[in-house]
């Protein structure tokens, strides 16, 4: 489901400036969007207005073309998954009972709920036989956060809101959870809105990043665009100096492909896929001392070429 913000304002009582100041955004269905900025910039307030935890002062938010103020709050929230930093699991409930909360509210039959619990635990790489009957206190912080993600997806929502979900996790576990979330997103193609103040996390996860400052959106762009063309000095300082090799990590082969009129099946040289990470392809070129590879689709049909020259030109822009 796409999400559209139209001139959204949030003004708290007795404050001089709006927490969210006239924000307009168009988010496409299936995008992974990260809200990035320092504490107090308005990113969490903007996120919480999507599921009406906070009401807008003015402006509208539309989901799939419908103004959320025209939808009952309970109905709206049942269609939106929500994950917070402290995971919000009910400590007196087992893991299976935590995951089943929303499906039971929706009156799913128990066989369907039982099957869904197993599917979700397997999806977040927790063995159902081991973890179903445990309580949150018997899990590590990273495991609890995985259960929090599973619970948020229990009723198959099309939208997932995540408010600094990995902020309280150690660095190694955090990286693992980021990888897990990235894998799940590729698998399920949910529309994800993710709040963080961690620049590396934003660059690693996002399809596009919304950079906020003092309640305003100051740039809305891909990680590569933000790294290579920051909109102002604030963003330049926020992302810091990232070297050319690192920028490559945010590009795919499809970003540098040279069109080819030859659609014959690639023969000889092993082809690379459109969605392959450019950094890995570049490393292969260096190791094998070649300057180009054929690019092939899922049927191994040639759709173009990736060359060292195209990569270097892209990075220099």
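Is at least one residue of segment 93-102 surrounded by fewer than 15 Cβ atoms within 10 Å (Cβ to Cβ) and outside any helix (DSSP H, G or I)? Looking through segment 93-102, at least one residue is surrounded by fewer than 15 Cβ atoms within 10 Å (Cβ to Cβ) and outside any helix (DSSP H, G or I). Within segment 232-245, being at pLDDT 90 or above and within 19 Å of residue 196 (Cα to Cα) holds for 234, 235. If the requirement is being under 26 Å from residue 205 (Cβ atoms), assigned by TED's automatic domain parsing to the domain that holds residue 150 and buried (at least 21 other Cβ atoms within 10 Å of the Cβ), which of these qualifies: 52, 43, 48? Exactly one of 52, 43, 48 is under 26 Å from residue 205 (Cβ atoms), assigned by TED's automatic domain parsing to the domain that holds residue 150 and buried (at least 21 other Cβ atoms within 10 Å of the Cβ), namely 43.
Restricting segment 129-154 to residues that are surrounded by fewer than 18 Cβ atoms within 10 Å (Cβ to Cβ) and part of a loop (DSSP other than H, G, I, E, B) leaves a set whose member that is nearest to the chain's Cα centre (by Cα) is 140. Which residue is farthest from residue 150 (Cα to Cα), if the candidates are limited to segment 164-207 and must be part of a strand (DSSP E or B) and touching a helix residue (DSSP H, G or I) at 6+ places or on another chain (Cβ under 8 Å)? This residue is 196.
The values are calculated or read from the model by the stated rules, or taken from the named source; none is laboratory data. All figures in this text were calculated on a predicted structure; none of them were measured in a lab. A quick note on method: Cβ atoms are made from the backbone with ideal geometry, for glycine too, and the neighbour counts reach across all protein chains shown.
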